[in-house]
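K.L.:
Can you keep this structure in mind? I'll have questions shortly.
The values are calculated or read from the model by the stated rules, or taken from the named source; none is laboratory data. None of the values given here were measured: they were computed from a predicted structure. Neighbour counts run over all protein chains shown; Cβ positions are idealised from the backbone, glycine included.
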Amino acid sequence: MKEITALELHEKMGDKKLVLIDVREEHEHEEFNIGGILIPLNTIPDNADRLKELGDVDLVLYCRSGNRSGMAQKILAVQFDMHNTINLKGGMNAWKENVRE
């Protein structure tokens, strides 16, 4: 399973072959987000077709710490044969700690 650090992701922001997916809950997304599409972890299976429709792009999954997004990555790989996912290592905690905007 692929991972990306907060700094690596920050450098690639704006890449048209990269889509951000926030798997946190709505209240977490509202508090702080980096522009990702909100699809909470528990709704990932219901949204798999929607994610597949995004086509030939890398999906960067993120949450608070990287755990839920790692689970989402596994669900998409095992249940839906999707292998174009990348987990943000350390999640939003790492982003806040390492990225200065």
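K.L.:
Inside segment 76-90, can you point out the residues that are over 21 Å from Met13 (Cβ atoms) and surrounded by 18 or more Cβ atoms within 10 Å (Cβ to Cβ)? Lay out the reasoning, then the answer.
P.N.:
Within segment 76-90, the first condition is being over 21 Å from Met13 (Cβ atoms), and the residues that meet it are 76-83.
Across segment 76-90, the qualifying residue is only Leu76.
K.L.:
With the structure loaded, tell me whether Thr85 is farther than 16 Å from Ile4 by Cβ and among the hydroxyl-bearing types (Ser, Thr, Tyr) or whether it fails that test. Give the derivation first.
P.N.:
Details: farther than 16 Å from Ile4 by Cβ: no; among the hydroxyl-bearing types (Ser, Thr, Tyr): yes.
Against the criterion (farther than 16 Å from Ile4 by Cβ and among the hydroxyl-bearing types (Ser, Thr, Tyr)), Thr85 does not qualify.
K.L.:
Being surrounded by fewer than 15 Cβ atoms within 10 Å (Cβ to Cβ), free of Cβ contacts under 8 Å to residues at least 40 places away in the same chain and not basic (Lys, Arg) is the filter here, so list the residues in segment 50-67 that pass it. Let's see the steps before the verdict.
P.N.:
At the first step, the residues of segment 50-67 found to be surrounded by fewer than 15 Cβ atoms within 10 Å (Cβ to Cβ) are 50, 52-57, 67.
In the following step, the residues that additionally are free of Cβ contacts under 8 Å to residues at least 40 places away in the same chain were identified as 50, 52-56, 67.
Selection gives Glu53, Leu54, Gly55, Asp56, Asn67.
K.L.:
Let me ask you something else. Report the residue count in segment 83-101 for those that are small (Gly, Ala, Ser) and either in contact with a strand residue (DSSP E or B) (Cβ under 7 Å, 6 or more places away or on another chain) or under 13 Å from Asn33 (Cα atoms) (or both).
P.N.:
So the answer is 2.
K.L.:
Test of understanding: among Ser69, Ser65, which residue is small (Gly, Ala, Ser), at pLDDT 95 or above and in contact with a Cys (Cβ under 6 Å, 6 or more places away or on another chain)? Lay out the reasoning, then the answer.
P.N.:
Numbers: Ser65 fails: in contact with a Cys (Cβ under 6 Å, 6 or more places away or on another chain).
None of the others qualify; the one that does is Ser69.
K.L.:
Only one of Asn93, Asn33 is over 10 Å from the mean Cα position of the chain (by Cα), polar (S, T, N, Q), surrounded by 13 or more Cβ atoms within 10 Å (Cβ to Cβ) and part of a loop (DSSP other than H, G, I, E, B); which? Can you show your working first?
P.N.:
Details: Asn93 fails: part of a loop (DSSP other than H, G, I, E, B).
It is Asn33.
K.L.:
Sort out which residues of segment 81-101 are out of contact with any His (no Cβ under 6 Å at 6 or more places or on another chain) and of a type in the set (Val, Ile, Thr), and write them in order of number. Give the steps one after another, and end with the answer.
P.N.:
Step one: of segment 81-101, the residues out of contact with any His (no Cβ under 6 Å at 6 or more places or on another chain) are 81-98, 100-101.
Selection gives Thr85, Ile86.
K.L.:
On the given criteria, is Leu20 surrounded by 16 or more Cβ atoms within 10 Å (Cβ to Cβ) and outside any helix (DSSP H, G or I)?
P.N.:
Details: surrounded by 16 or more Cβ atoms within 10 Å (Cβ to Cβ): yes; outside any helix (DSSP H, G or I): yes.
Yes.
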